[in-house]
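Visitor: One structure, as structure tokens, below. Some questions next.
Just so it is clear, none of the values below were taken in a lab; they were calculated from the coordinates. Please read all numbers here as calculations on a predicted model, not as lab measurements. Every residue, glycine as well, gets a Cβ built from its backbone with ideal geometry; the counts of neighbours run over all protein chains shown.
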Amino acid sequence: MEDNKFSETHRAVYYEGDKSGRVTMAMLINMIILVSTDQSDHLGLTEKHLSDLGFGWVITQYLIDVERMPHIDEKLTLTTEAVSYNRFFCYRDFWVHDEEGNECARVHAVLVLMDHETRKMVRVLPEVIEPFGAEYTRRIERLENPVGISDEDTVDFKKSYDVRFFDIDPNQHVNNSRYFDWLLDSLTEEFLMSHNLKHMNIKYEKEIHYGHKIDSIVVIKNEGLLTHHQIKIGDDVYCEADCEWTER
């Protein structure tokens, strides 16, 4: 299959990092989404064009593997490729490399096309995916779902957040990168400063909108090397994630 990868360079700036000087996961996601947006613009498939058709891309799941989080001031190469699609799902890969060509992170994303009026996913339109050179397949990827949190689990941490106006993106719901701050901020400073995130499986279940109040819940297992996360509104689960960690 033809190589349809698209790359850009990026310098990690201070506001993309945390107090340790490392890029945050939310900012890393923003970086890779920007490169996919720029690829779309390069092909003439701008967000405005898609919005004028009444649709928008929505991410339903990420699988993230981290070799190391980049540091502030590092020069990075961000690469993306729309790999394949079927009637309802599109699959896109991302890579983040440092200046020496070492892989810092790789991300696999599942996307659907959402009708802005009905808020439901629709069949993928050939005209909005074929220019990327992605391969059509009838196969639907059966990705592992996050384990989540059961009623038998003991909750270790819980924080509540109000959804602000500035959390909302042009798709009229909370931007997918915002969830990472909510999920990980529920862990303690001591934990975050002493652990490195190595793998994350995050799945979005429902849209969150302006004015909602969410609870971010964490269960820690495997002596602190595995965390299970949920974002809930009342008793309803809106997002789940599993994180694997190593000690620094």
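Visitor: For a quick size check, give me the Cα extents of the stretch 157-247 along its three principal axes, largest first, whole Å.
Guide: The Cα atoms of the stretch 157-247 stretch 38, 25, 21 Å along their principal axes.
Visitor: Here's a follow-up. Report the gain in length on full extension from Arg87 to Ser160: 0.36 nm times residue separation, minus Cα-Cα distance, nm rounded to one decimal.
Guide: This chain segment gains 22.5 nm when fully extended.
Visitor: Still on this model: Can you run phi through the Karplus equation (6.51, -1.76, 1.60; θ = phi - 60°) for the stretch 160-167 and list ³J(HN,Hα) in whole Hz, with x for Gly and Pro?
Guide: 10, 9, 8, 7, 8, 4, 7, 7
Visitor: What full-extension length gain, to one decimal in nm, is calculated for Met121 and Leu34 as 0.36 nm per residue of separation minus the Cα-Cα distance? It would help to have the intermediate numbers written out before the result.
Guide: Values: separation 87, 0.36 × 87 = 31.32 nm, distance 2.23 nm.
In short, 29.1 nm is gained.
Visitor: Counting pairs of Cα atoms in the stretch 156-206, how many percent are more than 19 Å apart?
Guide: Roughly 37 percent, once rounded to a whole number.
Visitor: Any chance you could run the full-extension gain for Asp65 through His199? It's 0.36 nm times the residue separation minus the Cα-Cα distance, nm to one decimal.
Guide: Contour length minus Cα-Cα distance gives 47.8 nm.
Visitor: Taking the Cα-to-Cβ direction at Arg138 and at Glu247 and moving 7 Å from each Cα, how far apart do the two end points lie in nm?
Guide: Computed distance between label sites Arg138 and Glu247 equals 5.2 nm.
Visitor: Could you compute how fast the stretch 6-136 diffuses translationally, taking Rh as the Kirkwood radius over C-alpha pairs and applying Stokes-Einstein at 10 °C with viscosity 1.306 mPa s? Give it in µm² per second.
Guide: Reported coefficient: 102 µm²/s.
Visitor: Quick one: P(r) of the chain from all Cα-Cα pairs, 10 Å bins, percents rounded to integers, in order of increasing distance.
Guide: P(r) over the chain, rounded to whole percents: 7, 30, 37, 22, 4, 0.
Visitor: Then there's this: Calculate, for Asp52 and Asp3, the FRET efficiency according to 1/(1 + (r/R0)^6) with r their C-beta to C-beta distance and R0 30 Å; round to the nearest 0.05.
Guide: Calculated value: 0.50.
Visitor: Considering every pair of different Cα atoms, what Kirkwood radius, in Å, is found for the stretch 69-191?
Guide: Hydrodynamic radius (Kirkwood, Cα pairs) of the stretch 69-191 is 18.1 Å.
Visitor: Of the lysine pairs in the chain, how many meet both conditions: Cα atoms under 17 Å apart, and a spacing of 8 or more in sequence or different chains?
Guide: Here the count comes out as 11.
Visitor: Stokes-Einstein D for the stretch 35-83 at 10 °C, 1.306 mPa s, Kirkwood Rh over Cα pairs, in µm²/s?
Guide: Working: Rh = 13.6 Å.
D = 117 µm²/s.
Visitor: Can you give me the C-alpha center-to-center distance between the stretch 123-141 and the stretch 1-75, rounded to a whole angstrom?
Guide: When both Cα centres are located, 20 Å separates them.
Visitor: Return the whole-Å distance between the Cα centroid of the stretch 214-244 and the Cα centroid of the stretch 79-111.
Guide: The two parts, judged by their Cα centres, are 25 Å apart.
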